[in-house]
Amino acid sequence: MSLLVLGTVVALSAGCAQAGGGTTRVAATPSWAEPSTVDTSASPSVDGSPSGTDASPSASPGTAGTSAAPKPPAPAPPPADSSLVGQLLAQVNSLRAANGLKPYTLASGLNASAHKHNLVMIGGCGLSHRCPGEADLGPRISAQGVSWHSLGENIGESGPNANTQAAILKAAKGLTMAMYNEKPPGDGHRKNILSSGFNRIGIDVMRDAKGTVWLTQDFAG
């Protein structure tokens, strides 16, 4: 099983370590999003995916005369089950409590931005904070109606995993712990989890057809 995580905070170095008979890879290229450095006035296309994971096709089938109608795209996976998200939120807040920090509040707009980003990554972009045709972090979170003065994002993938909620939860928790256990100077994900500047979080976790579990955590202050 492979594990790969990326986080938005500060420039991090990549690392690789063996754990539990599998390979754990941590490679981050993070950056903070702040109003002074991020243009939030743009109108982002947060639904966009270069490989067409948007479940709403741009043209109605059956309008091309006698030509064969194109095969409709597969429906986009739904957002993570609320009970799954709740358990992942509890994990993050438990880590914060252990460090004397207040809990994060789950924000529906951040959940939505995290889910849309997971869809784009699964659609063919791969693990990246900004995929081709996708808006930067600030504009895509603003598009979900979230007011903010600072933002952060952690993303990761792990697989293959069985198609059960227990396996998906285990993989997502493992990604979170890999982030939390980082050491300076490559501890950008940990800083997001333990930030005193953020007070809200959005979480989305998805399993793709190959069994890879994708986790996105969006943070706002």
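Working only within the range 163-195, note down all residues that are among the small types (Gly, Ala, Ser) and in a helix (DSSP H, G or I). Step through it out loud before you land on a result.
Our first condition is that a residue be among the small types (Gly, Ala, Ser); within the range 163-195, this holds for 166-167, 171-172, 174, 178, 186, 188, 195.
Ala166, Ala167, Ala171, Ala172, Gly174, Ala178, Gly188 - these are the residues of the range 163-195 that are among the small types (Gly, Ala, Ser) and in a helix (DSSP H, G or I).
Of the residues examined, Phe198 is not one that is assigned to a strand (DSSP E or B) and closer than 24 Å to Ser83 by Cα.
Sort out which residues of the range 166-214 are aromatic (Phe, Trp, Tyr) and over 15 Å from the mean Cα position of the chain (by Cα), and write them in order of number. Outline the logic, then answer.
Kept after step one, since they are aromatic (Phe, Trp, Tyr), are these residues of the range 166-214: 180, 198, 214.
Tyr180, Phe198 - these are the residues of the range 166-214 that are aromatic (Phe, Trp, Tyr) and over 15 Å from the mean Cα position of the chain (by Cα).
Within the bounds of the range 185-201, is there any residue that is surrounded by fewer than 19 Cβ atoms within 10 Å (Cβ to Cβ) and free of Cβ contacts under 8 Å to residues at least 24 places away in the same chain? Looking for residues that are surrounded by fewer than 19 Cβ atoms within 10 Å (Cβ to Cβ) and free of Cβ contacts under 8 Å to residues at least 24 places away in the same chain, one finds none in the range 185-201, hence no. Asn154 meets all of the listed conditions (1) without any contact (Cβ under 8 Å) to a residue 60 or more places away in the chain; (2) assigned to a strand (DSSP E or B) but one, namely (1).
Values quoted throughout were computed directly from the atomic coordinates according to the rules given, and no laboratory measurement underlies them. Just so you know, these numbers come straight off a predicted model, no measurement behind them. Every residue, glycine among them, receives a Cβ derived from its backbone with ideal geometry; neighbour counts consider all protein chains shown.
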